[in-house]
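Here is the structure we will look at, set down as structure tokens.
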Amino acid sequence: MIRQQLSPKFLIYAIALSICHGIPGAIPLLPTFQQEFNLNSYEVTSCLSYFSYSAFIGTPFSGYIYSKLPKKIYIFLVNFIFLVGILGIAFSPNYTSLLFFRVVQGLGSAGMNILVYLLPAEYYTGLERAKIMGKSIGYLAIGLFIIPLLTGYLALFSWRCSFISLSVPTIYTLAILFITDLTEKITRTYTPFSFKQIKEVLTTPYIPLLLFTLFIAAGVDLTVPSLFSLFSAEAYHYSSSTIGIIYAFSNFGMFVGSSWLLGKLLRTKHFPLLLFLLALCVSSLLISFTKLPPFMFPVAFFAFFCLDGLLNPYLNYSISNCLPPALLTIGITVSSTIFRAGQGFVTAFFAYANSKIGYDLTYLLVGSVYFFIIIILIPYVRKQQKNLS
């Protein structure tokens with residue numbers, strides 16, 4: 001009897017659920033790491049930035065390796081590397097070892113991240129492709145909501161148990177890989193991967209602006225929750241579970257921003273004005289964050305992630321619209337690399353600033369920079385809205 005194989009979409013959803021915890025799973029644990037390993041705020045955020053550095057380095061090579069290996073071998077390899085990183089962190093005897101395995105985990109994440117965008121493009125077309133990509137974002141949002149709650153709660157017993165629990169989606173992905181039909185059903189609409197195409201991508205109109213905005217936005221995306229985690233633990237003695245609850249609630253804002261708010265605003269000619277007003281509101285909350293009463297923390301956090309959930313997909317959507325089909329594969333690789341670079345370098349910059357100038361001035365800097373990148377993006381948004389109308 002011939003065994004019926006699964007559609008690729010189930011593998012795509014499993015990968016999306018696996019990669020969502022690379023950063024969110026660690027954020028509620030930062031105060032625990034700080035206490036257990038006796039670290040300052042800059043050192044403890046290395047847990048986030050080292051992951052992003054390795055993902056940044058690994059992403060361009062992942063696109064190249066993907067084009068050279070059979071799909072199942074590539075998918076198995078990157079998931080296995082990711083799994084080794086998770087389990088290595090869980091059993092790390094010291095912080096140096098933990099950072100090493102965060103690098104390993106980041107390399108695996110780099111290879112998995114491009115799959116979420118490339119597999120739907122290779123196996124689905126038209127509205128079905130859009131539906132698959134939308135559901136992938138939905139699974140990411142579910143993971144972003146659940147993972148901080150899970151790791152924050154388990155950290156009350158053992159942070160090592162928290163990391164072990166994060167291996168479950170990856171083990172599931174490896175299990176269903178072997179019963180998934182990855183025979184291509186459609187003709188590819190892009191040319192083979194080539195590093196020579198990077199120049200073409202970077203010289204495409206508007207791409208430098210969009211990539212710069214994505215670079216800064218990616219760093220702010222990590223900086224805000226990591227600063228909150230450390231500030232709330234230091235100033236208000238929040239436990240890892242409390243931080244996890246607030247962070248999970250805030251990530252629901254990302255789901256609202258990406259799944260509902262973006263679709264609504266894109267259809268209105270007032271999108272540029274509304275984007276400006278959202279940026280003004282969120283930046284004001286960030287600038288004054290340390291002066292807010294604690295009951296306002298979830299509100300400010302939720303508002304930030306609503307805008308963040310709107311901004312990041314809009315940037316990737318705009319990048320894909322600016323590029324011809326022949327450059328989509330290398331374009332996705334470049335934008336993913338830039339995003340990872342922002343997560344690493346921008347986050348490290350703000351962490352270093354915080355260690356030198358304190359939370360008040362760092363939040364002032366973060367809010368101002370975030371407002372600035374949206375201001376320089378608005379002329380592009382306005383032009384695109386005119387084209388739509």
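The values are calculated or read from the model by the stated rules, or taken from the named source; none is laboratory data. It should be emphasised that the depicted structure is a prediction, and the values quoted were computed from it without experimental measurement. Note: ideal-geometry Cβ built from the backbone for every residue, glycine included; neighbour counts use all protein chains shown. Accessible surface areas use protein heavy atoms only, side chains included; no ligands, DNA or RNA. Shrake-Rupley method; radii C 1.70, N 1.55, O 1.52, S 1.80 Å.
Size of the dipole of the chain about the Cα centre, Lys and Arg at +1 and Asp and Glu at -1 on the beta carbon, nothing else charged, in debye to 20?
Dipole size: approximately 1080 debye.
For a protection proxy built on the mean count of beta-carbon atoms within 10 angstrom, sort 216-227, 18-29 highest first, please.
Per-residue mean Cβ counts within 10 Å order the peptides as 18-29, 216-227.
Within the chain, which whole H helices from DSSP have a Cα span along their axis of at least 15 Å and a mean Kyte-Doolittle hydropathy of 0.5 or more, if any?
The answer, listed by residue number, is 8-19, 71-90, 95-123, 126-154, 207-236, 240-256, 271-287, 297-322, 328-341, 347-388.
Fully extended, how many nm does the chain gain between residue 135 and residue 10 (0.36 nm per residue separation, minus their Cα-Cα distance)?
Full extension of this stretch gives 44.0 nm more.
So how far apart, in nm, are the two label points at residue 270 and residue 40 if each is 7 Å from Cα heading toward Cβ?
Roughly 4.8 nm, to one decimal.
Under a Cβ-Cβ cut-off of 12 Å, what is the net charge of the residues other than residue 93 that fall near it, where Lys and Arg count +1 and Asp and Glu count -1?
Net charge in that neighbourhood comes out at 0.
Below 11 angstrom from the Cβ of residue 51, what's the summed charge of the other residues (Lys, Arg +1; Asp, Glu -1)?
+2
What list of ³J(HN,Hα) couplings, whole Hz, do you get for region 26-33 from phi and the Karplus terms 6.51, -1.76, 1.60, once you set θ to phi - 60° and write x for glycine and proline?
Residue by residue, region 26-33 yields 8, 4, x, 8, 4, x, 5, 4 Hz.
Roughly how many nanometres apart are two label points built 7 Å out from the Cα toward the Cβ at residue 357 and residue 206?
3.3 nm
To the nearest 20 Debye, how big is the dipole of region 60-177 about its Cα centre, given +1 on the beta carbon of each Lys and Arg and -1 on that of each Asp and Glu?
Magnitude of the dipole: close to 100 debye.
Could you give me D for the chain, from Stokes-Einstein at 10 °C and 1.306 mPa s, where the hydrodynamic radius is the Kirkwood radius over C-alpha pairs? Units µm² s⁻¹, please.
Diffusion coefficient, whole number: 75 µm²/s.
Might you tell me the accessible area per residue for the chain, computed with a 1.4 Å probe and given in Å²?
43 Å²
Quick one: which residues, 5 or more positions from residue 6 or on another chain, have an amide H under 5 Å from its amide H? H modelled 1.01 Å from N in the peptide plane, none for Pro or chain starts.
Result for residue 6 returns 180, 181.
Over region 226-378, consider all pairs of different Cα atoms and compute the Kirkwood hydrodynamic radius from their mean reciprocal separation; express it in Å, one decimal.
In region 226-378 this quantity evaluates to 16.8 Å.
State the answer as a single residue: which of 338, 354, 286 lies farthest towards the positive end of the charge dipole of the chain, with beta carbon charges of +1 for Lys and Arg and -1 for Asp and Glu, about the Cα centre.
Value: 338.
With label points built 7 Å along Cα→Cβ from the Cα atoms of residue 280 and residue 160, find their separation and express it in nm.
Taking the simple label geometry, residue 280 and residue 160 are separated by 5.3 nm.
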